[in-house]
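Q: Pasting a structure below so you can have a look.
Please treat every number below as a calculation from the coordinates, not as lab data. This one's a predicted model, so the numbers in the text were calculated from it and none came from an experiment. Please note: Cβ atoms are built from the backbone with ideal geometry, for glycine as well, and neighbour counts cover all protein chains shown.
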Amino acid sequence: AQRVTQPEKLLSVFKGAPVELKCNYSYSGSPELFWYVQYSRQRLQLLLRHISRESIKGFTADLNKGETSFHLKKPFAQEEDSAMYYCAPLNYGGSQGNLIFGKGTKLSVKP
Amino acid sequence: NAGVTQTPKFQVLKTGQSMTLQCAQDMNHNSMYWYRQDPGMGLRLIYYSASEGTTDKGEVPNGYNVSRLNKREFSLRLESAAPSQTSVYFCASKAGVSYEQYFGPGTRLTVT
């Protein structure tokens with residue numbers, strides 16, 4: 001079965017510092033991966049997907065097939081980035097491609 | 001568009017009581033999902049419906065039932081609530097396989 005690991009439950013950085021939220025997955029093929037974010041008291045929303053190769057709110061994520069990783073990075077963290085972040089690969093074993101969510105990393109950006 | 005809506009927002013139940021969580025989407029999406037979110041556990045899939053008329057078990061289906069009433073609505077029923085079902089429940093929908101999942105605001109359920 002596919003698995004996704006987010007090793008850090010909590011990541012705390014100061015404003016302006018670089019931030020990297022780690023995500024490792026287990027899948028031997030070509031995965032599709034997503035990062036979802038949940039700000040305080042808000043619903044989960046898509047942050048970015050690897051196939052788009054885009055930068056959203058200054059965040060980028062590169063798929064490294066050799067290391068089976070999809071780490072989320074931002075060079076200069078802002079206080080408004082404080083949120084819960086979930087890495088989610090597409091599960092090809094399920095009908096219609098269900099997402100498998102990691103346990104999440106809570107990012108806290110201090111002033 | 002309201003997107004994905006859920007009712008109720010909060011609910012407190014006693015052990016053994018039953019209730020139905022309602023979810024509706026107005027985006028004409030084929031697939032709908034129910035998740036539970038618990039501290040340290042992330043989001044776990046309870047049930048999903050790939051299309052109208054079909055439902056399938058997810059990772060943690062025990063103690064729950066679902067109904068895909070029509071393309072818009074997907075309800076989650078707890079027949080006999082247990083304290084272990086205290087959680088925040090999220091409904092989601094999406095148009096197709098590689099598309100974005102849209103989430104509802106969540107229902108915070110406490111079972112005493």
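Q: Give the separation of the Cα centroids, region A:56-83 to region B:61-112, in Å.
A: 29
Q: Evaluate the charge dipole of the protein assembly as shown about its Cα centre and quote only its size in Debye, nearest 20, assuming +1 on the Cβ of each Lys and Arg and -1 on the Cβ of each Asp and Glu.
A: Dipole size: approximately 360 debye.
Q: Taking loop as defined by DSSP and a crowding limit of 10 other beta carbons within 10 Å, which GluC sites (Glu not before Pro) in region A:1-82 fit? Numbers along the way, then the final one.
A: Numbers: sites: A:GLU8, A:GLU20, A:GLU32, A:GLU54, A:GLU67, A:GLU79, A:GLU80; in loops: A:GLU8, A:GLU32, A:GLU54, A:GLU67.
Answer by residue number: A:GLU67.
Q: So for region A:4-70, averaging the separation of alpha carbon pairs under 8 Å that are six or more residues apart and normalising by length, what relative contact order in percent results?
A: 27
Q: What's the average, rounded to a whole number, of partner chain beta-carbon atoms within 10 Å of each residue's beta-carbon in B:84-92?
A: The shielding value for this peptide is 1.
Q: Need one value for A:38-46: mean number of C-beta atoms belonging to other chains within 10 Å of its residues' C-beta atoms.
A: 5
Q: Between A:MET84 and B:ALA95, what is the label-point separation in nm under the 7 Å Cα-to-beta-carbon projection?
A: Rounded to a tenth, the inter-label distance reads 2.8 nm.
Q: Further question: Test of the criteria: in region A:2-82, which chymotrypsin sites (Phe, Trp or Tyr not before Pro) are in a DSSP loop and have at most 15 other Cβ atoms within 10 angstrom of their Cβ?
A: Loop-located and lightly packed - A:TYR39, A:PHE76.
Q: Which FRET efficiency value, to the nearest 0.05, is calculated for A:PHE14 and A:THR60 with the Förster distance at 22 angstrom and r the Cβ-Cβ distance?
A: 0.60
Q: So what are the ³J(HN,Hα) numbers for region B:71-88, from phi and the Karplus equation (6.51, -1.76, 1.60; θ = phi - 60°), rounded to whole Hz, Gly and Pro as x?
A: 5, 7, 10, 9, 9, 10, 10, 9, 6, 9, 4, 10, x, 5, 8, 4, 5, 9
Q: Note down the nm distance, to one decimal, between modelled labels 7 Å out along Cα→Cβ at B:VAL12 and at B:LYS57.
A: 3.3
Q: Taking each residue in B:48-60, count the Cβ atoms of any other chain within 10 Å of its Cβ, then average. What number comes out?
A: Mean inter-chain Cβ contacts per residue within 10 Å come to 2.
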